[in-house]
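Coordinate-derived values only; no laboratory data. Worth saying up front: this structure is predicted, and the values here are computed from it rather than measured. FYI the Cβ positions are ideal-geometry reconstructions off the backbone, even for glycines, and counts take in every protein chain you see.
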Amino acid sequence: MRDEKKPVLLVDAKEAAQLLALSPRKLWAMTASREIPHLRIGRCVRYPLDDLREWINDQKRGPR
């Protein structure tokens, strides 16, 4: 039986900005400063959905 791996789903900057409720400019700034997970494929920048979800969970703060 083969071990089937879950495919990595990638979104482009426009989709990532919409998902995160960020302006495209803010997303690019966060990408450039490596604050947010991303991949470079040639000249293209893509954002793995699973990594974005994990990043969002890491940003949550507990009760004060």
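Loop-located trypsin sites (Lys or Arg not before Pro) across segment 1-54 with a Cβ neighbour count of 15 or fewer within 10 Å are Arg2, Lys5, Arg34, Arg43, with loop assigned by DSSP.
Relative to the Cα centre, the charge distribution of the chain, modelled as +1 at Lys and Arg Cβ and -1 at Asp and Glu Cβ, gives a dipole magnitude of about 220 debye.
Taking log10 I(q)/I(0) by the Debye sum over Cα atoms at q = 0.17, 0.28 Å⁻¹ as the quantity of interest, determine which of (i) -0.63, -1.32; (ii) -0.57, -1.55; (iii) -0.69, -1.15 was computed from the displayed structure. Among (i) -0.63, -1.32; (ii) -0.57, -1.55; (iii) -0.69, -1.15, the one calculated here is (i).
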